[in-house]
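The structure appears below as structure tokens.
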Amino acid sequence: MPISQPKPVSHIDALGKIYRLYDDYMGSFSFACEKFCAECCTTAITLTSLEGRFIDHFLDGQKKAALYQQMRGHLHTPRYQPAMTTNAYAQMCLENKTPAEEAPPEPSLPCPLLENDLCSIYPTRPFGCRCMVSFSKCRNTGSAHIDELTLTVNTLFLQVIEHLDQSGFFGSLIDVMLCLGSDPAHMAKKCVTITNRPVSQLMIPPEHREKIHPLLDTLNHILSRTAQG
């Protein structure tokens with residue numbers, strides 16, 4: 001009797017598994033982040049088009065319509081618009097090239113999806129929000145406080161999520177959601193996004209390789225089970 005092969009999972013399902021893996025890993029640490037702490041919830045948040053589709057996939061019709069209406073209302077809102085993806089940066093490092101300096105970011109404003117200092121899409125929030133963690137309260141120091149290993153873990157997940165969506169694009173929350181919720185040809189000149197890339201090398205320092213190995217094994221397993229296309 002032939003052994004049945006496991007059914008490939010969709011990109012949406014794979015992203016959900018990646019989110020859960022990260023959340024479970026981070027759940028073992030004690031961070032200062034808490035409910036109504038929205039210091040990092042700004043227009044500087046970025047995401048891939050797959051993460052945007054993940055948000056869209058799990059919203060009902062009414063909430064989806066409201067979200068896209070909010071995004072259209074923020075078409076001219078100042079926001080950070082990245083010039084390079086994580087994997088593009090890794091490729092430049094591999095080639096011993098120095099990335100060009102980005103233009104100074106626009107002043108960050110509160111995220112348009114905040115409601116009374118709570119995220120209105122919290123269960124489906126993108127990885128850029130999930131990895132905004134700190135061991136001390138940002139409002140007391142003006143910035144997040146995390147260790148080097150956490151930075152490595154965050155970068156690993158950013159690279160893998162981009163790799164999973166290598167045929168998609170990357171940009172600010174506002175730009176990505178505007179592109180997904182509108183006619184692409186109409187929004188092309190109004191939204192600033194950049195093309196995702198596959199992983200060329202993982203940016204894992206030698207001192208973190210052993211500690212990060214179990215996470216990397218699980219991520220590779222998720223990618224290997226993901227449907228092509």
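The values are calculated or read from the model by the stated rules, or taken from the named source; none is laboratory data. As the structure is a computational prediction, the values presented were derived from the model and not from experiment. Neighbour counts are summed over all protein chains in view; Cβ atoms, including those assigned to glycine, are modelled from backbone coordinates with ideal geometry. The protein model used for the area step is the full one, side chains on, heavy atoms only, and it has no ligands, DNA or RNA in it. Shrake-Rupley method; radii C 1.70, N 1.55, O 1.52, S 1.80 Å.
Test each condition in (1) without any contact (Cβ under 8 Å) to a residue 12 or more places away in the chain; (2) open to solvent by less than 10 Å² (accessible area, probe 1.4 Å) for Glu101 and report the one that comes out false.
(2)
Just checking, does the stretch 102-119 include any residue being within 24 Å of Asn196 (Cα to Cα), touching a helix residue (DSSP H, G or I) at 6+ places or on another chain (Cβ under 8 Å) and at pLDDT below 90? Outline the logic, then answer.
Residues of the stretch 102-119 that are within 24 Å of Asn196 (Cα to Cα), as a first pass: 102-106, 108, 111.
Going one step further and asking which of them are touching a helix residue (DSSP H, G or I) at 6+ places or on another chain (Cβ under 8 Å), we end up with 111.
Restricting the remaining residues to those that are at pLDDT below 90 gives none.
No, the stretch 102-119 contains no residue that is within 24 Å of Asn196 (Cα to Cα), touching a helix residue (DSSP H, G or I) at 6+ places or on another chain (Cβ under 8 Å) and at pLDDT below 90.
Residues Tyr25, Tyr80: which one is farther than 24 Å from Phe169 by Cα, in contact (Cβ under 8 Å) with a residue 60 or more places away in the chain and either within 19 Å of the chain's Cα centre (by Cα) or open to solvent by 80 Å² or more (accessible area, probe 1.4 Å) (or both)? First the steps, then the outcome.
Numbers: Tyr80 fails: farther than 24 Å from Phe169 by Cα.
Testing whether each residue is farther than 24 Å from Phe169 by Cα, in contact (Cβ under 8 Å) with a residue 60 or more places away in the chain and either within 19 Å of the chain's Cα centre (by Cα) or open to solvent by 80 Å² or more (accessible area, probe 1.4 Å) (or both) leaves just Tyr25.
With (1) closer than 26 Å to Gly16 by Cβ; (2) at pLDDT below 95; (3) of a type outside the set (Ser, Thr, Tyr) as the list, and Leu94 as the residue in question, which single condition is left unmet?
(1)
Quick grid of which residues meet (1) among the acidic types (Asp, Glu); (2) at pLDDT 90 or above; (3) surrounded by 12 or more Cβ atoms within 10 Å (Cβ to Cβ):
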| residue | (1), (2), (3) |
| --- | --- |
| Ser172 | no, yes, yes |
| Asp183 | yes, no, no |
| Lys189 | no, no, no |
| Ile194 | no, yes, yes |
| Arg197 | no, yes, yes |
| Glu207 | yes, yes, no |
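State the number of residues belonging to the stretch 209-219 that are under 17 Å from the mean Cα position of the chain (by Cα) and either among the polar types (S, T, N, Q) or at pLDDT below 95 (or both).
0
Residue-by-condition table, conditions (1) in a helix (DSSP H, G or I); (2) of a type in the set (S, T, N, Q); (3) out of contact with any Gly (no Cβ under 8 Å at 6 or more places or on another chain):
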position: Ala14; (1), (2), (3): yes, no, yes
position: Leu21; (1), (2), (3): yes, no, yes
position: Tyr25; (1), (2), (3): yes, no, yes
position: Phe31; (1), (2), (3): no, no, yes
position: Phe36; (1), (2), (3): no, no, yes
position: Cys40; (1), (2), (3): no, no, yes
position: Phe54; (1), (2), (3): yes, no, no
position: Met71; (1), (2), (3): yes, no, no
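So which residues in the stretch 150-167 are in contact with a Pro (Cβ under 9 Å, 6 or more places away or on another chain), open to solvent by 30 Å² or more (accessible area, probe 1.4 Å) and not in a loop (DSSP other than H, G, I, E, B)?
The answer is His163, and nothing else.
In this structure, does Lys35 turn out to be open to solvent by less than 70 Å² (accessible area, probe 1.4 Å), of a type in the set (Lys, Arg) and either at negative phi or at pLDDT below 85 (or both)? Don't jump to the end; show me each part of the working.
On the way: open to solvent by less than 70 Å² (accessible area, probe 1.4 Å): no; of a type in the set (Lys, Arg): yes; either at negative phi or at pLDDT below 85 (or both): yes.
No.
Consider the stretch 124-146. How many of its residues are open to solvent by 60 Å² or more (accessible area, probe 1.4 Å) and either among the aromatic types (Phe, Trp, Tyr) or within 21 Å of Thr218 (Cβ to Cβ) (or both)?
Total meeting the criteria: 1.
Mind checking whether some residue in the stretch 47-54 is modelled with pLDDT under 95 and open to solvent by less than 20 Å² (accessible area, probe 1.4 Å)? Give the derivation first.
Let us first name the residues in the stretch 47-54 that are modelled with pLDDT under 95, namely none.
Within the stretch 47-54 (the criterion being modelled with pLDDT under 95 and open to solvent by less than 20 Å² (accessible area, probe 1.4 Å)), the answer is no, since none of the residues qualifies.
Does any residue of the stretch 108-130 turn out to be in a loop (DSSP other than H, G, I, E, B) and in contact with a Pro (Cβ under 6 Å, 6 or more places away or on another chain)?
Restricting attention to the stretch 108-130, the residues satisfying the condition of being in a loop (DSSP other than H, G, I, E, B) are 108-109, 111-113, 116-117, 120-121, 125-126.
Then drop every residue that is not in contact with a Pro (Cβ under 6 Å, 6 or more places away or on another chain), which leaves none.
The answer is no; no qualifying residue exists.
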